Structure formats: C-alpha cells, structure tokens
C-alpha cells in the first residue's frame, strides 16, 4: 500500500496544524509504518534545526532606543491615568540621562567621538563582510552611495599611489548616515569616514587634526560641510598621504 | 477599532515585544543590516499611524508581520527578490512530496551544520524563505501565516511543502559541494 496520502499530512503533523481527527489517524499509521515514522522524525529535526539557525540576527540596543523614541514622539501626549506608568518611565529615563551625562563628563567629547569611530573601524575589520559594495573602482563605489546618503563626495584617483580602494558601506554615527570607505595599504587597512559636519555632532577641531587613539593613527578635517576622518594602524605619514589624496579629490 | 482616547499607548506595549523577532525576519528578507533597520523602522511608523484601524481581538502579531512584509515588497530589493521567484502556481501542486533526493532526511541532517542551514535559507527564494521562517522560527499557525501573507490555508500548505522541498534540495547540493 502506498504511503503517499499519509506523507501529504506529515508537514501539518510536525507543524501541529490540521484537525484532531487527521492527527490521530496519522499517529496510528506512524506506529505501524517505520518509513513514514522516519520521514516524520526527519521533518521534525529539520524544523528544529531551521528554528535554531533562523534566530540569527539581533537588533542593536541603539536601534531599539531609536524606534522607542520615534514611537513616543509620534504618539504625542496621552491623557488619563495611562500617563502614570509613562511618568515612571520618564523618571527612569531622566535618571539614565543624568547617569549618562556624568559618564560623559568623564571623557572629553573629542575622545568619545574618536573612540566611537574607532570602534566602528575595529568592528569592520573583524567582520566577515566588512563592506557592502566591494570594488576597487571609485566609479563603482561612489555611485553605490547614491540615494543612501543625503550628501555626495569625491574619491581620489589611486592609480599612482600605494593605496587600494576595497569598498564601502553605509554607517550610522549619532543617528545620521555616513559613508565608511575601506582602503588597503600593503597589509594595513584604513577606514575613511565621511559624515555631515552638523554643529555639535562631531566635536573635533575645524582644521586638520592628527591624533593617536589606542595606538591607531587618525587624521580628521572638515571641508564643504563634510567631516572626514581617516584612521588605521598605518603610520601617521601614510594616514596623512591618504588624507591629502582625499582632500585634493574633495576640492575637484 | 482602537479607542484613541483610551489606551492608545498600548501600541508600544503590544508592538515592542515583537521588535527583536521582526528585526530578525526583516534581516532575513533584506539580507542587509541597514536595509533591515530601515524596514523595521518604516513598519513601526506605518503600524503606529494605522493603529487606530487595527481591529482589537484580531491577531496583532500577524498584522505587524503583514505590514513589514508588504513594506518589504514595495522596496527595490523586495521587488527584485519577488520578481526573481518562479511564477509556478502554489495551488496546482500536491501539498507534499517525498524528500527531494534518495537520501533519508535523518542521514542528511546528521551531516548538516547550522551554518549550512543558514546558507540554504539565504539561498532560498524570498517567497519560500519567508514562509519557512514564519512557520518554523515564528511558529505561526497556518491560519496566521495565511493572514500575514494574504493567502488561503491550502496555498500556505502547498507553498510550505515546496519551500521545504527546495530547502532539502539546497542542503543536498551544499553537502555534495562540500564533500567534493
């Protein structure tokens, strides 16, 4: 006797769906048919493995906070007793803000900004997929950002230099989108962050600044409303050379 | 309908518990972190705007997933992903078929690592990926899946069957590729 009519019901069986009547008759069949029982077991294992493998991506706490803030902003004032738990939430938020402010004061704004960007650079280095657009061609990488960023920028011609463009990705810094470009110099990898230079957003000096942060070298400057930050483990002169190439491209 | 003058704030209480899972689902659909964040953000804003029309007593989770999925389908990547799916009818198929290969499933699974399953899921057409995730990961009933995808239960069953068959085929391919 063919088992096809039973096999047709196996998915519903492992999913716990279907009528009680169908499930009961199928269970009775499984007790007498090793082939269908093995098939059912296999499907169940596959379901469990898919369940485990599917729980793969987690949102960042910053993203959750952003959504919660947006909901609260859009919702507007709510009258009645419903405000009471929200008042408690506001109080908790205030305590958190005050605690955060105290922490913030312990670090200068400049150090924190560089540290955040450095974290992004290090995280990118550690990622299996460091860039979303992979190309050594600036005419491929630059257009990829079109529509993804509220600004545009120029990339330098690298043919006669030791630098090689690896690619780029969109990143977020202080809730604003920016470009992160990855360059290679021999065995070193360098990140170039390009962000909108909004007042107060990036508390770095206006002129060209060179810095050393956790043994990484950094050069940053502001031009045409954009903030450029170049960082990596290459020497200060290499970082400066790439910065110069970017400055020249930015003015062209 | 939700009473605006009443507990309108309940949107946050209802919606935020689904946040992490919606994000995971969005990431699987878009296969990109930034795109997933954009998709989840748009979903929450749309749901908040439309919350007054949400029918209380109906399935809020399915409603949120439906908004997310419909929003995804209007994005460039969503349109592209959907357009690349085979247009074979869901309804014409038998609901289930035996495994795609001669290999017994238990033998196949014994050799499969979690990364292989993830890779197979990534390779599945989005039409199949979403239904497998809704059923196996989110543990939605066929009724809920039908509400989310806007299809009848019979279609849910046949599409799910085809999706799992495709998944098994991909796993076999990947294992054979790895053993070469």
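What the table below lists for this structure:
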item	result
Among (1) at positive phi; (2) in contact with a helix residue (DSSP H, G or I) (Cβ under 7 Å, 6 or more places away or on another chain), the one test that residue A:161 misses	(1)
Residues (surrounded by 15 or more Cβ atoms within 10 Å (Cβ to Cβ) and either without any contact (Cβ under 8 Å) to a residue 12 or more places away in the chain or facing chain B (nearest Cβ under 8 Å) (or both)) located in the stretch A:7-22	A:7, A:8, A:9, A:10, A:11, A:12, A:15, A:17, A:18
Selection status of residue A:150, buried (at least 17 other Cβ atoms within 10 Å of the Cβ) and touching a strand residue (DSSP E or B) at 6+ places or on another chain (Cβ under 9 Å)	no
Residues located in the stretch A:136-156, provided they are in contact with a helix residue (DSSP H, G or I) (Cβ under 7 Å, 6 or more places away or on another chain) and farther than 19 Å from residue A:193 by Cβ	none
Selection within the stretch A:23-67 - under 20 Å from the mean Cα position of the chain (by Cα), outside any loop (DSSP other than H, G, I, E, B) and either surrounded by fewer than 16 Cβ atoms within 10 Å (Cβ to Cβ) or more than 7 Å from chain B (Cβ to nearest Cβ) (or both)	A:61, A:62, A:65, A:66
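Every number in this text was worked out from the coordinates using simple rules, so none of it is lab data. The model shown is predicted, which means the values in this text are computed figures rather than measured ones. Virtual Cβ from ideal backbone geometry, glycine too; neighbours counted across all protein chains shown.
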